[in-house]
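Down below is the structure, laid out as structure tokens.
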Amino acid sequence: MVDTMPKSGTMTDVVLRAKECDIYYGSYKAVRDVSIDIPRNKITAFIGPSGCGKSTVLRCFNRLNDLIESFSLKGKMTYHGQDLYAPDVDPVEVRRRIGMVFQKPNPFPKTIYDNIAYGPRISGYKGDMDELVETSLRRAVLWDEVKDKLQESGFSLSGGQQQRLCIARTIAVQPEVVLMDEPCAALDPISTLKVEELMKELVQNYTIIIVTHNMQQATRVADYTAFYNAQVTEEAGGKVGYLAEFDSTEKIFNDPEQESTRDYVTGRFG
Amino acid sequence: MTADTPSPPPSDRQRTPFEKGLDRFFEGTTLTFALFILLLLIAIGLLILVDAWPAIKEFGLGFLWTSSWNPVAGRESYGVLPMVYGTLVSSAIALLIAVPLGLGTALFLSENFIPLKIRTVLVFMVELLAAIPSVVYGLWGIFVLIPALKWFLGLFGIPFTGPSMLAASLVLAIMILPIITAISRDSLAALPPELRQGSYGLGATRWGTIFRVLIPAAISGIVGGVMLALGRAMGETMAVTMLIGNSNTISLSLLAPSNTISSLLANQFAEAKGIQVAALMYAAFVLVILTLIVNILADWIVRKLQAKY
């Protein structure tokens, strides 16, 4: 059994909390019994082998799994104590506060400017749009590279720039939490470093959860690390993901409590 | 690495003359087929032009803006303006009805409003619309649509004789609906799922996502489908002939009978002789040029929209 809190380190503010969550696709149980507290203004990394449910858990936090018809959740997920899956909660509102950056850069087929302005426009932003676009791009450390071509297509940028554009687009809606699902998986090492530096900048204002397959990345950026593992079961699907250990990044990588965590972070499997 | 196990030498196998010949034969065959299509097109165009030549010499460009069509020997005069008008107006009305309907259907069928199983059935049924022969559409128009229109317009005290621009345009709209729906649905379904997720992830509603992201992203495919449908509407013959009334006049009323070029050809060709055949060929040539313009325009619009993104 895993504690909700990371084992070491002091936690001040809990933004997101999952309590005894089971996640199903139809009758297939994808993730079992996850309880985790996500601390405010910290970077929390989700690591683990493929198929262990880390992305699935991440997507539950902003109700993006709702798009999958057969999805269902048992247990409780709260955001500042408010049940995210209560019937009166509007998933659209949830996603405005809890933004998401995806594995593959996915700019809209619009200009760079409109890519950023899209989110604020749909949420009825009334202020100075030019200014908001500029601040968002500056925060994403992209402004200097694109300030002269704001009216060009978002696709004209390189992969790394596109991903930073997507991050800028996400923070333009001024969310409190940014979920990142393997944001650097499709990027070259230099772009990856840029995105990582950007995350460290952003964490002063935002709470970040990042799913990553790259363990070095977790050690470089994350304050806390959650190790998910998969377990073979008799049921359909063959395996079920669970949260094996959640602790400060230092502890997870240097002195984990569980054998499986140690094996994973030292590269013995996964 | 040790020298004990030398790597195998690179393959020195040569292609036999037979294999090379086969390659050349295949290349030649495909080239012949491609040239054949081109020749066919040229042959059709030439034939129309040659047969139309007496009329072109006789009437010149004035043919385009003359509105009388009189095949009576001795008092012959030919002009294609009412038919050009009828062709353009009936296609435009058909598009006006079929585009919102078709795009709406496409959106409904590409989003998950209803379970996938029902959607699959509906998609099949829409595509089935395209398989109905156009003469059946014509009959349906005569026996169902026209009486229904008569009854409906009668409620408002509007007299309605039957065959008219309205009846023809409505049936045309139904006929081109599956083209617009199928092509729009395909281009919407081909969009990467990341686009949709990206929009939802920013807190967009379903409607916001559809109208601000999905439709703009699929617009070149949608426009392509609409243009294809327009080409179909302009060339449609049988159903239109049965419903439009075949009157070579320009009337602003949609309830009045009218005519289109293809319908004119279908009606008159069998009994035409002499200069009338040439005049009909000239009309056919005008139709070919019109559809060519539509196709070029469509290509240009699609390119323009694609270049934007």
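The values are calculated or read from the model by the stated rules, or taken from the named source; none is laboratory data. These numbers were taken from a predicted model, which means no experiment stands behind them. Every residue, glycine as well, gets a Cβ built from its backbone with ideal geometry; the counts of neighbours run over all protein chains shown.
As an exercise: evaluate A:Ser27 against (1) surrounded by fewer than 17 Cβ atoms within 10 Å (Cβ to Cβ); (2) modelled with pLDDT of 90 or more; (3) farther than 18 Å from A:Asp181 by Cβ and give the number of the one condition it does not meet.
Just one mismatch for A:Ser27, condition (2).
In segment A:94-144, which residues are facing another protein chain (nearest Cβ under 7 Å), part of a helix (DSSP H, G or I) and of a type outside the set (Lys, Arg)?
A:Tyr118, A:Gly119, A:Ile122 - these are the residues of segment A:94-144 that are facing another protein chain (nearest Cβ under 7 Å), part of a helix (DSSP H, G or I) and of a type outside the set (Lys, Arg).
Got a number for residues in segment A:51-82 being more than 16 Å from the chain's Cα centre (by Cα) and under 23 Å from A:Arg220 (Cα atoms)?
Counting residues in segment A:51-82 that are more than 16 Å from the chain's Cα centre (by Cα) and under 23 Å from A:Arg220 (Cα atoms) gives 0.
Taking the condition of being within 14 Å of chain A (Cβ to nearest Cβ), touching a Phe, Trp or Tyr at 6+ places or on another chain (Cβ under 8 Å) and aliphatic (A, V, I, L, M), how many residues in segment B:175-203 meet it? Working first, answer last.
Filtering segment B:175-203 down to residues within 14 Å of chain A (Cβ to nearest Cβ) leaves B:187-188, B:190-203.
If we keep only those that are touching a Phe, Trp or Tyr at 6+ places or on another chain (Cβ under 8 Å) as well, we get B:194-195, B:197-199, B:201-202.
From what's left, aliphatic (A, V, I, L, M): B:195, B:202.
Summing the residues that are within 14 Å of chain A (Cβ to nearest Cβ), touching a Phe, Trp or Tyr at 6+ places or on another chain (Cβ under 8 Å) and aliphatic (A, V, I, L, M) in segment B:175-203 gives 2.
Checking the structure you have, find out if any residue of segment B:233-247 is surrounded by fewer than 20 Cβ atoms within 10 Å (Cβ to Cβ), over 22 Å from the mean Cα position of the chain (by Cα) and at pLDDT below 90. Walk me through how you get there before you give the answer.
So the first thing to find is which residues in segment B:233-247 are surrounded by fewer than 20 Cβ atoms within 10 Å (Cβ to Cβ), and the list is B:235, B:237-238, B:247.
Then drop every residue that is not over 22 Å from the mean Cα position of the chain (by Cα), which leaves B:247.
Those left that are additionally at pLDDT below 90: B:247.
Yes, there is a match, as at least one residue in segment B:233-247 is surrounded by fewer than 20 Cβ atoms within 10 Å (Cβ to Cβ), over 22 Å from the mean Cα position of the chain (by Cα) and at pLDDT below 90.
For A:Arg96, are the conditions met, namely being of a type in the set (Lys, Arg) and either in contact (Cβ under 8 Å) with a residue 12 or more places away in the chain or on the phi > 0 side of the Ramachandran plot (or both)? Break it down into steps so the answer makes sense when it comes.
Values: of a type in the set (Lys, Arg): yes; either in contact (Cβ under 8 Å) with a residue 12 or more places away in the chain or on the phi > 0 side of the Ramachandran plot (or both): yes.
The answer is yes for A:Arg96.
So, of the residues in segment A:58-84 that are assigned to a helix (DSSP H, G or I), touching a strand residue (DSSP E or B) at 6+ places or on another chain (Cβ under 6 Å) and in contact (Cβ under 8 Å) with a residue 60 or more places away in the chain, which turns out to be farthest from B:Gly203 (Cα to Cα)?
Across segment A:58-84, the extreme among qualifying residues is A:Leu58.
So is A:Ala86 within 13 Å of the chain's Cα centre (by Cα) and away from chain B (no Cβ under 12 Å) or not?
Values: within 13 Å of the chain's Cα centre (by Cα): no; away from chain B (no Cβ under 12 Å): yes.
Here the answer is no, as A:Ala86 does not meet what is asked.
Could you check, for segment B:208-219, whether at least one of its residues is of a type in the set (D, E, K, R) and either under 24 Å from the mean Cα position of the chain (by Cα) or surrounded by 17 or more Cβ atoms within 10 Å (Cβ to Cβ) (or both)? Explain how you work it out, then say what you get.
Quick first cut of segment B:208-219, residues of a type in the set (D, E, K, R) only: B:212.
Then drop every residue that is not either under 24 Å from the mean Cα position of the chain (by Cα) or surrounded by 17 or more Cβ atoms within 10 Å (Cβ to Cβ) (or both), which leaves B:212.
Yes: one or more hits.
Scan B:Ala131, B:Ala204 and give me the residue that is of a type outside the set (Phe, Trp, Tyr) and under 27 Å from the mean Cα position of the chain (by Cα). Step through it out loud before you land on a result.
On the way: B:Ala204 fails: under 27 Å from the mean Cα position of the chain (by Cα).
Sole residue among the options that is of a type outside the set (Phe, Trp, Tyr) and under 27 Å from the mean Cα position of the chain (by Cα): B:Ala131.
Given the conditions (1) over 16 Å from A:Ser35 (Cβ atoms); (2) buried (at least 20 other Cβ atoms within 10 Å of the Cβ); (3) of a type in the set (D, E, K, R), which single one is not true for A:Asp255?
(2)
Count, please, the residues in segment A:145-192 that happen to be more than 14 Å from chain B (Cβ to nearest Cβ) and surrounded by fewer than 19 Cβ atoms within 10 Å (Cβ to Cβ). Quick ask: steps written out before the conclusion?
Taking segment A:145-192 and keeping what is more than 14 Å from chain B (Cβ to nearest Cβ), we get A:145-150, A:158, A:160-161, A:164, A:184, A:187-192.
Next, only the ones that are surrounded by fewer than 19 Cβ atoms within 10 Å (Cβ to Cβ) stay: A:145, A:147-150, A:158, A:188-190.
Count: 9.
Filtering segment A:154-200 down to residues that are touching a Ser or Thr at 6+ places or on another chain (Cβ under 6 Å) and either free of Cβ contacts under 8 Å to residues at least 60 places away in the same chain or part of a helix (DSSP H, G or I) (or both), which residue is nearest to A:Val57 (Cα to Cα)?
My answer is A:Cys184.
Within segment B:110-119, how many residues turn out to be without any contact (Cβ under 8 Å) to a residue 24 or more places away in the chain and either among the aromatic types (Phe, Trp, Tyr) or surrounded by 11 or more Cβ atoms within 10 Å (Cβ to Cβ) (or both)?
Residues flagged as without any contact (Cβ under 8 Å) to a residue 24 or more places away in the chain and either among the aromatic types (Phe, Trp, Tyr) or surrounded by 11 or more Cβ atoms within 10 Å (Cβ to Cβ) (or both) within segment B:110-119 amount to 5.
Can you pull out every residue in segment A:215-236 that is surrounded by 14 or more Cβ atoms within 10 Å (Cβ to Cβ) and of a type outside the set (Ser, Thr, Tyr)? Walk me through how you get there before you give the answer.
Residues of segment A:215-236 surrounded by 14 or more Cβ atoms within 10 Å (Cβ to Cβ): A:215, A:217-230.
Scanning segment A:215-236 gives A:Met215, A:Gln217, A:Ala218, A:Arg220, A:Val221, A:Ala222, A:Asp223, A:Ala226, A:Phe227, A:Asn229, A:Ala230.
Are there any helices (runs of 4 or more DSSP H) wholly within segment B:129-221 with 2 or more residues that are under 28 Å from B:Lys304 (Cα atoms), and if so which?
Details: elements: B:134-140, B:146-155, B:165-189, B:193-201.
Counting at least 2 such residues, we get B:165-189, B:193-201.
With the condition being of a type outside the set (A, V, I, L, M) and farther than 30 Å from A:Gln204 by Cβ, I'd like the helices (runs of 4 or more DSSP H) fully within segment A:214-270 carrying at least 2 qualifying residues.
Working: elements: A:215-221, A:249-254, A:259-265.
The helices (runs of 4 or more DSSP H) meeting that bar are A:259-265.
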